[in-house]
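First the structure, in the form of C-alpha cells, and then the observations on it.
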Amino acid sequence: LEAAKRADLVEHFVWVGMESQKDGRSVARILQGIDIDYILIRPETYEVPGFREYYTTFSLNKHESIPDLWFEEFWQHHFRCHLPQSISSLEKLFPLPCTGTESMSQNPLNLDTFVYHTVIAVTG
C-alpha cells in the first residue's frame, strides 16, 4: 500500500486486508482519508476454554510435555532474560539473567487471533 501511495496508484486497485486484533493496527485507520475501494476481513475470534489457565501454570520446572530446550528458549524470549545454565542461553540478546521467579500469570501471553482455530483444527 505504501509503495502504491508513493507511485500514486492506490486508486487503481481494490484492496483486500485482514483486520488483526493482535498487532493493534486498524486497517480502516490506515486507509482513513484515502478514497479507495477495499474489502476488510475480520476473522471471528474466541477464547479456548481453559487455555489461559493451562499455560499460566507453566514454570521453568513444570512445563509438561514441552521439551526443555524449546521451553527454555521460549522463556528467555518471553521474559527478555537469559538462562545461564541453558544449552540455548541467549545472554547476548538478553543481558539480564532470569531470576527463576518469572511468572506466566503475571506476564501473560499475547494470544494470536488464530489460537482457537488452530486448537479446533488439531483436536477436531
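When every residue of the stretch 97-104 is checked against the conditions, at least one turns out to be within 19 Å of the chain's Cα centre (by Cα) and among the hydrophobic types (A, V, I, L, M, F, W, C).
Residue-by-condition table, conditions (1) surrounded by 11 or more Cβ atoms within 10 Å (Cβ to Cβ); (2) in contact (Cβ under 8 Å) with a residue 60 or more places away in the chain; (3) farther than 17 Å from Arg52 by Cα:
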residue	(1), (2), (3)
Leu69	yes, no, yes
Glu91	yes, no, yes
Asn107	yes, no, no
Asp112	yes, yes, no
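Within the stretch 32-58, residues that are in contact (Cβ under 8 Å) with a residue 12 or more places away in the chain have Cβ atoms under 7 Å from residues that are of a type in the set (S, T, N, Q) in these pairs: Pro43/Thr113; Thr45/Gln21; Thr45/Thr113; Thr56/Ser105, counting only partners at least 6 apart in sequence or on another chain. Would you confirm whether any residue within the stretch 9-31 is over 16 Å from the mean Cα position of the chain (by Cα) and modelled with pLDDT of 90 or more? No - not one qualifying residue is present in the stretch 9-31.
Could we say that His82 is at pLDDT 95 or above and either farther than 30 Å from Met18 by Cα or surrounded by 10 or more Cβ atoms within 10 Å (Cβ to Cβ) (or both) here? Answer is yes for this residue.
The values are calculated or read from the model by the stated rules, or taken from the named source; none is laboratory data. All values reported here derive from a predicted model rather than from experimental measurement. Cβ: placed from backbone, ideal geometry, glycine included. Neighbour counts: every protein chain shown.
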